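This report refers to the structure that appears directly beneath it.
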Amino acid sequence: MLLEVKHLTTEFHLKKGVVNAVDDVSFSVDKGEILAIVGESGSGKSVTSLSIMGLISPPGRIAKGEILFKGNDLTRLPLHELQKIRGDQISMIFQEPMTSLNPVQRIRDQIMESIMTHMKLTKEEALRRTVEMLDLVGIPSPEARANDYPHQMSGGMRQRVMIAMALSCRPELLIADEPTTALDVTIQAQILELLYSLREKLNMAVLLITHDLGVVAEAADRVVVMYCGKILEEADVKTLFTSPMHPYTVGLLESIPRLDDERERLSMIRGMVPNPLHMPPGCAFSDRCDRCMEKCRKHMPALVPVNGSKVRCFLYSEEVEEDRHE
Amino acid sequence: MNEPLVQIKNLKKYFTVRTDFFGRPTSVLKAVDDVSFEIRRGEAFGLVGESGCGKTTIGKMLVNLYRPTSGTILFDGRDLTAMDEEERRKCCRDIQLIFQDPYASLNPRMTIGDIIAEPIRINHLLPSSEVEGRVNYLLGCVGLANHLRNRYPHEFSGGQRQRVGIARALAVQPKLIVCDEPVSALDVSIQAQVLNLLHDLKDEFGLTYLFIAHGLNVVKHISDRVGVMYLGKLMEIASKRELYEKPLNPYTQALLSAIPVTDVTRKKERIILKGDVPSPIDPGEGCRFASRCFKVFEGCDRICPPLRDVGNGHLVACRLYDTLVGSADSDSVSQ
Amino acid sequence: MEDKPFDTSAAAAAEPLEKPESQIREMWDALKSNKGALVGLGIILFLIFVAVFGHWLMPYDPNLSDMGASFLPPGPEHWFGTDQLGRDIFSRIIYGTHISLTVGLSAVAISLTAGIILGAVAGYRGGKTDTVIMRFMDMMLAIPSILLAIAFMAALGKGLDKAVIAIGLVSIPEYARIVRGCILSVKENDYVQAARVVGNRDGRIIFKHIMPNILSSIVVRATLGISTAVLDTSALGFLGLGVQPPYAEWGDMLGRARGFIFSAPYTLIFPGIAITITVLAFNLLGDGLRDALDPKSRQL
């Protein structure tokens with residue numbers, strides 16, 4: 001296993017109370033695998049990725065759990081060792097390619113800087129590698145474009161630059177947080193294609209954070225569905241999309257507007273995500289669930305293996321999650 | 001066939017990017033460049049395109065937030081572009097707008113009750129004693145409880161705010177509602193709720209929609225006819241069925257193919273476009289899509305094809321179909 | 001429409017009708033946690049108290065000269081000593097509080113009113129109107145404010161009321177610029193466009209939809225502006241252009257005592273301290289308000 005997250009709990013101490021943005025989450029990413037974490041706003045998917053990168057700052061903190069990267073617990077590493085891993089073996093790309101690049105530095109200098117801090121290369125070698133990377137992510141005439149400033153590039157190009165920068169040190173794990181959300185549909189298709197092909201070329205693992213099930217279906221190998229800080233279902237892509245188990249996953253899949261159905265009305269999930277400060281005592285989805293039972297409102301079901309997948313729902317197992325902390 | 005509620009003819013909106021020393025424009029952004037279409041009474045017309053294609057600009061010209069550079073907008077038979085400001089302000093009351101970003105479109109200092117009541121009060125649509133009842137009714141229509149009336153927008157989720165925005169638009173009893181990407185900022189499970197709500201309200205209030213979106217999948221459920229825009233130009237207009245079943249313009253084909261499908265059992269061949277959307281500043285002479293088109297041929301970069309009817313009310317702007325149209329034209333000449 | 005997607009009954013049960021928080025209440029809540037601002041507010045309240053009830057607090061008549069008792073050092077008789085004419089400095093400072101606060105507040109009121117109107121018109125209208133107004137403001141800003149105030153005084157004549165007008169006029173550009181900047185940024189918000197779409201007229205959009213949203217920045221600037229106005233008044237007083245004798249004003253007291261800085265330093269020190277404390281108090285409150293009203297620091 002390249003990355004193993006075990007019982008990760010990240011909490012935020014707000015004036016009005018403590019919110020468990022990520023609540024006892026465990027999953028793992030294998031070498032060369034694309035794992036997608038999918039969820040709506042407030043599901044804790046982004047906080048999970050920030051926790052892995054060690055980018056949680058007060059009022060948030062990692063309260064419990066381990067993040068094992070090649071066997072080393074990242075939550076216990078001193079800052080300077082974490083920094084060595086971050087950007088070198090684990091890289092991250094963000095949703096907003098505009099704000100993630102320094103507007104007053106040339107593309108070339110920004111990529112070279114990250115190469116030179118992590119790899120012992122001379123300036124010429126770093127420059128050659130920069131151009132190589134820009135070429136790899138499909139930027140036309142990379143030598144010339146390397147001299148551009150970020151504002152001279154379009155959104156899609158900037159996201160490519162971000163990917164080039166993230167890949168420049170040959171990371172083994174790339175965390176992509178909503179990499180295509182800010183982009184147009186035709187550009188999104190390009191970037192997904194690129195991520196997919198790079199994975200093959202570089203044998204790199206990708207942790208893809210997204211709210212878009214369409215993106216998941218296109219790119220991922222395995223999927224983790226999160227809701228209100230909890231994993232509700234984990235399965236490989238084919239299983240999840242052909243036979244989803246959890247009512248939330250089913251509802252999500254059905255509420256996506258699809259090209260190939262003729263219904264006038266979309267099916268939908270009623271209600272809305274509960275306030276994180278006033279979580280229902282039982283299953284977080286119980287208020288919105290069409291198949292909610294008596295005990296769903298009282299107890300939190302455990303995440304149990306079913307047919308090679310994992311699901312947290314009383315429809316599939318009677319098991320109740322233990323040691324719920326308040 | 002229904003009579004049109006809106007007729008847009010040769011509409012243009014240019015923004016001056018740079019001027020020379022004497023204030024004459026030297027660089028022009030052609031946000032909307034010679035666009036004509038009509039919206040029939042009671043239909044939902046979907047307008048689709050990527051960022052910068054001018055779809056929002058058209059919406060804003062309809063609701064009088066922008067003045068067109070040239071061209072006419074006939075609304076209910078009256079020319080909006082020929083009116084004086086006061087007359088247009090009154091006339092445009094019948095056209096309302098639902099915004100994309102539910103977080104920015106509600107005044108943070110007003111309660112949602114006031115937000116919905118304001119259009120009724122300032123336009124003197126009802127005696128003040130009846131305003132409250134009307135607000136309660138509208139809140140009910142969009143699925144919000146009456147007692148939420150005295151809350152401020154920040155206490156609401158994105159989906160609820162969008163409902164408030166819809167209620168505000170309904171308050172003046174408009175004939176046309178411009179929906180500017182009303183669900184793109186919302187969570188997936190909430191998107192379906194809002195789309196269904198808009199669908200229901202259309203029947204209930206006898207509304208006509210101009211539904212603007214960046215992806216073809218969202219428009220599919222709500223629209224009767226769909227127009228596809230690229231860089232300020234309309235590329236194709238057709239009924240929903242026609243457009244999704246046999247898209248003619250290569251851009252429409254690419255746009256359809258770019259939508260990620262959740263059906264993992266059926267891997268489709270997809271068209272991946274090369275390059276980026278070019279800048280709409282000082283576009284060239286030819287077809288706007290020529291630089292990225294996968295069916296581009298000799299002359300596309302010089303000749304800008306007009307939007308032409310290829311039968312069945314299916315309009316397309318592409319030189320691939322010139323022969324088709326050419327023969328139809330010669331037929332009509334010979335008759 | 002049976003399957004109303006949003007379950008209203010659940011929300012109704014969970015939270016009863018809530019009274020909305022007023023803006024002032026919101027400010028106060030945020031301000032409470034800022035110690036500096038509370039100290040500033042405390043001092044200002046004390047100064048206001050002194051200004052209002054000063055007549056009962058003064059041990060002597062501030063204008064009564066007693067040549068036999070001139071230059072008495074601070075002591076039990078005269079807490080802050082006496083000046084060159086034998087007037088009690090403590091009483092004169094109390095009297096000066098009244099003048100300084102009145103001048104500060106009225107000068108800010110003048111510049112605020114004019115600044116809001118000019119800034120709002122320039123920012124909302126844009127185009128040529130904006131250019132004309134703002135270029136004029138820039139011209140005023142290019143001249144040092146105290147010099148400009150003196151020029152106004154020269155045109156208007158001496159006297160406290162004239163000083164108020166001069167100081168008020170001089171700081172109009174600052175307010176106009178701030179209001180214009182705020183309006184430019186708020187104007188682009190969707191809710192302002194929404195207000196136009198539903199049929200609002202310009203005046204209502206400015207005062208109902210834009211102003212409440214920029215009020216906080218204006219309040220902060222105005223609070224800081226009072227301290228500037230107090231300083232300017234003192235400066236004009238020091239130059240002998242403000243209050244006319246025998247009335248006591250802090251700057252005027254400094255100006256008249258400057259010859260005795262070595263022989264009787266207390267004649268300068270106490271009015272100086274009074275000016276410093278007042279300016280400091282308004283600055284503390286203004287900074288505190290700015291922090292309290294900054295939405296970024298209020299989020300959690």
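The values are calculated or read from the model by the stated rules, or taken from the named source; none is laboratory data. Because the structure is predicted, anything quoted here is derived from the model rather than measured. Don't worry about glycine lacking a Cβ; one is built from the backbone with ideal geometry, like all the others, and counts go over all protein chains shown.
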Among the residues listed as B:56, B:72, the single one being under 20 Å from residue B:176 (Cα atoms), out of contact with any Phe, Trp or Tyr (no Cβ under 8 Å at 6 or more places or on another chain) and within 14 Å of chain A (Cβ to nearest Cβ): B:56
The helices (runs of 4 or more DSSP H) lying entirely within region C:222-300 that contain at least 3 residues which are farther than 21 Å from residue C:161 by Cα are C:266-293, C:295-298
Which is at pLDDT 85 or above, within 12 Å of chain B (Cβ to nearest Cβ) and part of a strand (DSSP E or B), of A:225, A:250? A:225
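Considering region B:200-221 alone, what residues qualify as being within 9 Å of chain A (Cβ to nearest Cβ) and either within 16 Å of the chain's Cα centre (by Cα) or under 26 Å from residue B:36 (Cβ atoms) (or both)?
Once the filter is applied, which keeps residues that are within 9 Å of chain A (Cβ to nearest Cβ) and either within 16 Å of the chain's Cα centre (by Cα) or under 26 Å from residue B:36 (Cβ atoms) (or both), region B:200-221 yields B:214, B:215, B:216, B:217, B:218, B:219, B:220, B:221.
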Filter region C:92-126 for residues that are among the β-branched types (Val, Ile, Thr), over 15 Å from the mean Cα position of the chain (by Cα) and more than 27 Å from residue C:60 (Cβ to Cβ); which is surrounded by the fewest Cβ atoms within 10 Å (Cβ to Cβ)? C:117
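So that you can scan it fast, the table gives a plain yes or no per residue for (1) in contact with a Leu (Cβ under 8 Å, 6 or more places away or on another chain); (2) in a loop (DSSP other than H, G, I, E, B); (3) buried (at least 24 other Cβ atoms within 10 Å of the Cβ):
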{"site": "B:121", "(1), (2), (3)": "no, no, no"}
{"site": "B:136", "(1), (2), (3)": "no, no, no"}
{"site": "B:183", "(1), (2), (3)": "yes, yes, yes"}
{"site": "B:199", "(1), (2), (3)": "no, no, no"}
{"site": "B:202", "(1), (2), (3)": "no, no, no"}
{"site": "B:210", "(1), (2), (3)": "yes, no, yes"}
{"site": "B:221", "(1), (2), (3)": "yes, no, no"}
Out of (1) of a type in the set (Phe, Trp, Tyr); (2) in contact with a helix residue (DSSP H, G or I) (Cβ under 6 Å, 6 or more places away or on another chain); (3) within 9 Å of chain A (Cβ to nearest Cβ), the one residue B:244 does not meet is (2)
Residue C:175 - would you say it is surrounded by 20 or more Cβ atoms within 10 Å (Cβ to Cβ), assigned to a helix (DSSP H, G or I), away from chain B (no Cβ under 14 Å) and of a type in the set (Ser, Thr, Tyr)? yes
Filter region A:128-150 down to the residues that are over 23 Å from residue A:195 (Cβ atoms) and either among the aromatic types (Phe, Trp, Tyr) or buried (at least 19 other Cβ atoms within 10 Å of the Cβ) (or both) and list them by number. A:149
Of residues in region C:267-300 being within 28 Å of residue C:74 (Cα to Cα) and in contact with an Asp or Glu (Cβ under 9 Å, 6 or more places away or on another chain), the one modelled with the highest pLDDT: C:271
Subset of region A:1-43 (residues that are among the small types (Gly, Ala, Ser), away from chain B (no Cβ under 14 Å), out of contact with any helix residue (DSSP H, G or I) (no Cβ under 7 Å at 6 or more places or on another chain) and over 24 Å from residue A:84 (Cβ atoms)): A:17, A:26
Give the residue, chosen from B:18, B:93, that is basic (Lys, Arg) and part of a strand (DSSP E or B). B:18
Does region A:107-121 contain any residue that is closer than 22 Å to residue A:193 by Cβ and either surrounded by fewer than 20 Cβ atoms within 10 Å (Cβ to Cβ) or at pLDDT 85 or above (or both)? yes
Can you name the condition, by its number, that residue B:143 falls short on among (1) on the phi < 0 side of the Ramachandran plot; (2) crowded, with 19+ Cβ neighbours inside 10 Å; (3) facing another protein chain (nearest Cβ under 7 Å)? (1)
Does residue B:102 meet the test of being buried (at least 22 other Cβ atoms within 10 Å of the Cβ), in contact with a strand residue (DSSP E or B) (Cβ under 7 Å, 6 or more places away or on another chain) and either modelled with pLDDT of 95 or more or within 14 Å of chain A (Cβ to nearest Cβ) (or both)? no
All helices (runs of 4 or more DSSP H) inside region A:27-118 with 2 or more residues being β-branched (Val, Ile, Thr): A:45-53, A:107-118
Boolean, residue C:219 is facing chain B (nearest Cβ under 10 Å) and of a type in the set (Val, Ile, Thr): no
I'd like the full set of residues that are within 14 Å of chain B (Cβ to nearest Cβ) and either crowded, with 20+ Cβ neighbours inside 10 Å or not in a helix (DSSP H, G or I) (or both), limited to region A:151-171. A:153, A:154, A:156, A:157, A:158, A:159, A:160, A:161
Can you tell me which residues in region C:232-257 are under 17 Å from residue C:146 (Cβ atoms) and loosely packed, with under 15 Cβ neighbours inside 10 Å? C:240
What number of residues within region C:274-285 are in contact with a helix residue (DSSP H, G or I) (Cβ under 9 Å, 6 or more places away or on another chain) and surrounded by fewer than 17 Cβ atoms within 10 Å (Cβ to Cβ)? 2
Could you check, for region A:124-138, whether at least one of its residues is β-branched (Val, Ile, Thr), more than 25 Å from residue A:232 (Cβ to Cβ), without any contact (Cβ under 8 Å) to a residue 40 or more places away in the chain and out of contact with any strand residue (DSSP E or B) (no Cβ under 6 Å at 6 or more places or on another chain)? yes
Region B:59-69, subset in a loop (DSSP other than H, G, I, E, B), in contact (Cβ under 8 Å) with a residue 40 or more places away in the chain and within 12 Å of another protein chain (Cβ to nearest Cβ), residue nearest to residue B:33 (Cα to Cα): B:66
Any chance residue A:236 is within 8 Å of another protein chain (Cβ to nearest Cβ) and out of contact with any Leu (no Cβ under 9 Å at 6 or more places or on another chain): no
Within region B:271-286, how many residues turn out to be touching an Asp or Glu at 6+ places or on another chain (Cβ under 7 Å) and in contact (Cβ under 8 Å) with a residue 40 or more places away in the chain? 1
Among the residues of region B:231-249, is any free of Cβ contacts under 8 Å to residues at least 24 places away in the same chain, surrounded by fewer than 23 Cβ atoms within 10 Å (Cβ to Cβ), hydrophobic (A, V, I, L, M, F, W, C) and in a loop (DSSP other than H, G, I, E, B)? no
Answer yes if at least one residue in region A:191-203 is farther than 25 Å from residue A:125 by Cβ, touching a residue at least 60 places away in the same chain (Cβ under 8 Å) and away from every other protein chain (no Cβ under 14 Å), and no otherwise. yes
